[in-house]
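J.: Sharing a structure, written as structure tokens. Questions coming.
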Amino acid sequence: MSNSLKLAGALALIVVLLVVVPVALSTTGRNDLYYTLTLIALLSVASAGVWITFYIGRINIGQAAYALIGGYVSAILVVDYGWSFWLTIPAAGVVSAAIAILIGLPILRLRGVYFAMVTLVSTEVARLAALALPITHGARGMSNLPPPGPIAIGPLTLIPDFASMADTHLAFYLLSAITMLAVFGLVYRLVHSRLGRLFVALQQNEELAASMGVNIARLRIIAYAFSSFLGGVAGAIFSAISQSVYPNSFTTQDSINFMLNCFLGGLGYVFGPMLGTLVLQLGWNLLSEAAIYQELIYAIVLIALMLVLPNGILSLLGMRARKAAR
Amino acid sequence: MEQVIVNGLYLGAQYALIALGLTLIFALMNVLNFAHGQMYVLGGFITYTVYGQLHLPFVVALIASSITLAILGALIEKFLFRTVIRRSKREESTMLLAAAIAFLLDAVILIVFGEKGHGVPKILNGVLNTGAIIIPYDRILVGCLAAVFIAAFMAFMQFSKPGRAMRALAQDRQAAQLMGVNVDRYSMIGFAVGALLAGLVGGLLVSIVGVSSGIGGSISTKAFMMVMIGGAGVVGGAIAGGFILGMLEAVGLTVLHAYGDITYLVIFVGLMIFLAIRPNGLMGKPWG
């Protein structure tokens with residue numbers, strides 16, 4: 001694809017997400033869909049983090065731990081320390097990344113299923129820690145978080161007070177959509193930078209990369225910290241939207257879902273996690289009509305997709321390109 | 001103290017049997033079977049139906065659980081895993097498949113057996129009380145049965161022809177194939193045996209703790225931990241991991257009782273530190 005085509009695609013995506021979707025939803029009166037779309041945007045941000053760890057050849061089933069940490073950091077800073085919510089978003093990301101560095105130093109030496117299993121366990125550690133630590137308010141969790149306040153530079157109000165809005169759904173949707181666009185833009189840049197090429201080198205052969213003078217230990221930490229940063233940011237915004245955070249806000253199931261989003265979209269494509277999250281979440285919501293058979297149908301569809309498109313939905317693009325090349 | 005050790009041994013025997021199935025599947029196919037806990041639950045429900053509802057002997061129920069799960073495991077390997085492994089670019093894709101199968105089994109179990117937990121009549125009544133230790137007879141029986149099954153499994157792997165073929169596969173898939181081992185066939189048998197073990201433990205434990213539909217995921221997590229402690233893909237490691245986790249749990253519940261419900265938090269953190277020092281567990285192979 002040429003550069004101008006890519007630029008047009010990116011602009012189209014921005015326009016669709018920030019203009020077309022809100023207009024369409026408000027004219028049709030389907031305001032209930034905002035919440036679904038907000039959720040999809042946030043989950044795809046967390047999934048993008050998981051995708052980064054896949055990109056260096058590690059299977060990360062621990063993203064829910066960092067989302068939970070991010071949610072708690074934001075909630076605790078807002079409620080117990082009186083911070084502005086907007087400041088807690090980067091703070092949540094940074095705390096998550098710092099914890100990821102601390103945990104990552106030993107566990108990133110593990111590979112394959114070992115790394116996968118340890119990260120899976122870490123989700124459970126985060127949940128149990130949230131239950132046991134005094135700072136997290138135990139099993140009751142934290143509820144009734146205040147809505148985000150305003151941001152103003154002098155007389156100019158950049159973001160109005162969420163509490164003054166009649167309907168915060170649109171505001172939260174825009175916040176999540178913009179975050180998602182920024183994150184995927186960032187990931188796209190990262191993948192196509194020098195660092196991105198080094199990440200591919202790690203994915204293909206760590207020993208070989210090391211022998212070429214690549215500091216693999218440092219790169220692994222960078223990738224994992226960035227991945228966890230995204231998890232923390234998503235968790236922080238999620239806690240503001242649901243106005244609460246509990247030890248069970250993000251569980252092992254979520255960790256597995258983040259991984260599934262990446263797989264389903266396609267591990268070889270930056271926008272794979274976005275598409276995967278969209279398909280899985282929308283599919284799940286549509287299936288709620290099927291009541292008790294919801295999970296059954298979902299699982300069967302998932303298995304069928306896996307059998308037909310084991311390399312992700314976006315691998316269809318690759319197939320077409322290959323056919324055209326012939 | 002003796003009580004704690006007996007509890008730990010009893011738990012350990014169950015855990016080891018669960019971990020053996022998981023590690024076997026991993027060793028043969030490099031598949032991390034997320035659905036292992038669900039297979040355990042399914043085995044529990046089959047035993048519940050045959051023994052608790054139809055009132056057939058417990059042994060018949062155990063056999064029914066084992067055989068059903070073995071067939072299920074074989075079918076899953078043949079029609080799902082084999083296809084995905086052949087078509088996929090990255091072998092991690094099998095994880096997605098395993099997770100989807102876990103969803104599927106969870107859904108089926110929920111629809112067929114409902115949300116409620118179920119128990120069955122005790123297989124043995126009475127309690128052994130020697131003064132130092134108090135343990136119900138049925139727990140002794142189940143613990144001993146588990147130990148017998150572990151021994152039988154090890155003998156099967158060590159001395160039978162399929163066992164030898166599977167050990168060869170685990171060591172080096174390509175070399176085994178060159179030596180004339182039918183890789184497809186023994187992968188299927190291996191998956192069937194792994195699933196059989198999960199069903200067997202599920203059936204055994206339903207007589208003690210009952211069974212309910214939502215516990216599959218946490219059983220899988222525990223099994224992963226045991227495999228990590230002992231080292232993935234190693235039979236001895238799985239057994240060691242099972243007994244170590246059983247002991248830790250028994251000791252933790254007694255010692256840490258005063259500090260609230262933090263046994264598992266402590267075990268998890270300990271495990272992380274342990275893996276930082278020994279990334280491949282006690283006996284694991286150096287690669288992942």
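J.: Can you name the condition, by its number, that A:S239 falls short on among (1) buried (at least 19 other Cβ atoms within 10 Å of the Cβ); (2) out of contact with any strand residue (DSSP E or B) (no Cβ under 8 Å at 6 or more places or on another chain); (3) at negative phi?
T.: Of (1) buried (at least 19 other Cβ atoms within 10 Å of the Cβ); (2) out of contact with any strand residue (DSSP E or B) (no Cβ under 8 Å at 6 or more places or on another chain); (3) at negative phi, only one is false for A:S239: (2).
J.: A follow-up question, please. Before we move on, is A:V16 part of a helix (DSSP H, G or I) and within 14 Å of chain B (Cβ to nearest Cβ)? Show your work before the answer.
T.: Values: part of a helix (DSSP H, G or I): yes; within 14 Å of chain B (Cβ to nearest Cβ): no.
No; evaluated as a whole, the condition is false for this residue.
J.: Determine if the stretch B:210-226 includes at least one residue that is within 14 Å of chain A (Cβ to nearest Cβ), without any contact (Cβ under 8 Å) to a residue 60 or more places away in the chain and part of a helix (DSSP H, G or I). First the steps, then the outcome.
T.: Going residue by residue through the stretch B:210-226, those that are within 14 Å of chain A (Cβ to nearest Cβ) are B:213-226.
Imposing the further condition that a residue be without any contact (Cβ under 8 Å) to a residue 60 or more places away in the chain reduces the set to B:225.
Those still in the list that are part of a helix (DSSP H, G or I) too: B:225.
Checked the stretch B:210-226: at least one residue is within 14 Å of chain A (Cβ to nearest Cβ), without any contact (Cβ under 8 Å) to a residue 60 or more places away in the chain and part of a helix (DSSP H, G or I).
J.: So, in the stretch A:92-120, how many residues would count as being surrounded by 18 or more Cβ atoms within 10 Å (Cβ to Cβ) and either out of contact with any Gly (no Cβ under 8 Å at 6 or more places or on another chain) or not in a helix (DSSP H, G or I) (or both)?
T.: Residues meeting the conditions: 9.
J.: Failed condition for A:I222, given (1) more than 10 Å from every other protein chain (Cβ to nearest Cβ); (2) of a type in the set (V, I, T); (3) touching a Gly at 6+ places or on another chain (Cβ under 9 Å), with all others met?
T.: Going through (1) more than 10 Å from every other protein chain (Cβ to nearest Cβ); (2) of a type in the set (V, I, T); (3) touching a Gly at 6+ places or on another chain (Cβ under 9 Å) one by one, A:I222 breaks only (3).
J.: Taking the stretch B:271-288, which residues are in contact (Cβ under 8 Å) with a residue 12 or more places away in the chain, assigned to a helix (DSSP H, G or I) and more than 7 Å from chain A (Cβ to nearest Cβ)?
T.: Matches in the stretch B:271-288: B:F274 only.
Let's see how each residue does on (1) over 18 Å from A:I103 (Cβ atoms); (2) more than 10 Å from chain A (Cβ to nearest Cβ); (3) surrounded by fewer than 21 Cβ atoms within 10 Å (Cβ to Cβ):
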site: B:G236; (1), (2), (3): yes, yes, yes
site: B:G241; (1), (2), (3): yes, yes, no
site: B:G246; (1), (2), (3): yes, yes, no
site: B:Y259; (1), (2), (3): yes, no, yes
site: B:V266; (1), (2), (3): no, no, yes
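J.: Hand me the list of helices (runs of 4 or more DSSP H) wholly inside the stretch A:254-326 holding 3 or more residues that are in contact with a helix residue (DSSP H, G or I) (Cβ under 9 Å, 6 or more places away or on another chain) and either within 12 Å of chain B (Cβ to nearest Cβ) or surrounded by fewer than 21 Cβ atoms within 10 Å (Cβ to Cβ) (or both).
T.: Working: elements: A:272-286, A:294-308, A:315-325.
It comes to A:272-286, A:294-308.
J.: A further question on this structure: Considering only the stretch B:7-19, I want to know if a residue exists there that is within 12 Å of B:G194 (Cα to Cα), at pLDDT 90 or above and within 14 Å of another protein chain (Cβ to nearest Cβ).
T.: So far as the stretch B:7-19 goes, yes, one or more of its residues are within 12 Å of B:G194 (Cα to Cα), at pLDDT 90 or above and within 14 Å of another protein chain (Cβ to nearest Cβ).
J.: What are the residues in the stretch A:62-91 that are in a helix (DSSP H, G or I) and among the polar types (S, T, N, Q), if any? Spell out how you get there, then give the answer.
T.: Keep residues of the stretch A:62-91 that are in a helix (DSSP H, G or I), which gives A:63-81, A:85-91.
Matches in the stretch A:62-91: A:Q63, A:S74, A:T88.
J.: Name every residue in the stretch A:234-249 that is out of contact with any Pro (no Cβ under 8 Å at 6 or more places or on another chain) and away from chain B (no Cβ under 14 Å), in order of residue number.
T.: Taking the stretch A:234-249 and keeping what is out of contact with any Pro (no Cβ under 8 Å at 6 or more places or on another chain), we get A:234-239, A:241-242, A:244-249.
A:A234, A:G235, A:A236, A:I237, A:F238, A:S239, A:I241, A:S242, A:S244, A:V245, A:Y246, A:S249, listed by residue number.
J.: How many residues, within the stretch B:11-61, are within 12 Å of B:V211 (Cβ to Cβ) and outside any helix (DSSP H, G or I)?
T.: Of the residues in the stretch B:11-61, 0 are within 12 Å of B:V211 (Cβ to Cβ) and outside any helix (DSSP H, G or I).
J.: Would a scan of the stretch B:213-232 turn up a residue that is in contact with a Ser or Thr (Cβ under 6 Å, 6 or more places away or on another chain), hydrophobic (A, V, I, L, M, F, W, C) and over 25 Å from B:F191 (Cβ atoms)?
T.: no
J.: Where residues in the stretch B:97-153 are among the aromatic types (F, W, Y), away from every other protein chain (no Cβ under 12 Å) and crowded, with 18+ Cβ neighbours inside 10 Å, which of them is farthest from A:G312 (Cα to Cα)? Can you show your working first?
T.: Step one: list which residues in the stretch B:97-153 are among the aromatic types (F, W, Y), which gives B:103, B:113, B:137, B:149, B:153.
Filter once more, so that each one left must be away from every other protein chain (no Cβ under 12 Å): B:113, B:137, B:149, B:153.
Next, from what is left, pick out any that are crowded, with 18+ Cβ neighbours inside 10 Å: B:113, B:149, B:153.
Numbers: B:F113: 33, B:F149: 41, B:F153: 38 Å.
Looking at the filtered set, the residue picked out is B:F149.
Listed here are the residues, each with its yes/no results for (1) buried (at least 24 other Cβ atoms within 10 Å of the Cβ); (2) modelled with pLDDT of 90 or more.
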| residue | (1), (2) |
| --- | --- |
| A:G9 | no, no |
| A:I14 | no, no |
| A:L17 | no, no |
| A:A24 | no, no |
| A:Y35 | no, no |
| A:A64 | yes, yes |
| A:Y72 | yes, yes |
| A:L77 | no, yes |
| A:G82 | no, no |
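J.: If only one of A:A182, A:A132, A:A163 is among the hydrophobic types (A, V, I, L, M, F, W, C) and within 14 Å of chain B (Cβ to nearest Cβ), which one is it?
T.: Answer to the check: A:A132.
J.: Same structure, new question: Of the residues that make up the stretch A:142-151, is at least one in contact with a Pro (Cβ under 8 Å, 6 or more places away or on another chain), free of Cβ contacts under 8 Å to residues at least 40 places away in the same chain and within 30 Å of A:V21 (Cβ to Cβ)?
T.: Yes; the residues of the stretch A:142-151 include at least one that is in contact with a Pro (Cβ under 8 Å, 6 or more places away or on another chain), free of Cβ contacts under 8 Å to residues at least 40 places away in the same chain and within 30 Å of A:V21 (Cβ to Cβ).
J.: Condition test on A:L230, is it buried (at least 20 other Cβ atoms within 10 Å of the Cβ), in a helix (DSSP H, G or I) and either within 14 Å of chain B (Cβ to nearest Cβ) or in contact (Cβ under 8 Å) with a residue 60 or more places away in the chain (or both)? Quick ask: steps written out before the conclusion?
T.: Working: buried (at least 20 other Cβ atoms within 10 Å of the Cβ): yes; in a helix (DSSP H, G or I): yes; either within 14 Å of chain B (Cβ to nearest Cβ) or in contact (Cβ under 8 Å) with a residue 60 or more places away in the chain (or both): yes.
Yes.
The values are calculated or read from the model by the stated rules, or taken from the named source; none is laboratory data. Since we're looking at a predicted model, the values are computed, not measured. Virtual Cβ from ideal backbone geometry, glycine too; neighbours counted across all protein chains shown.
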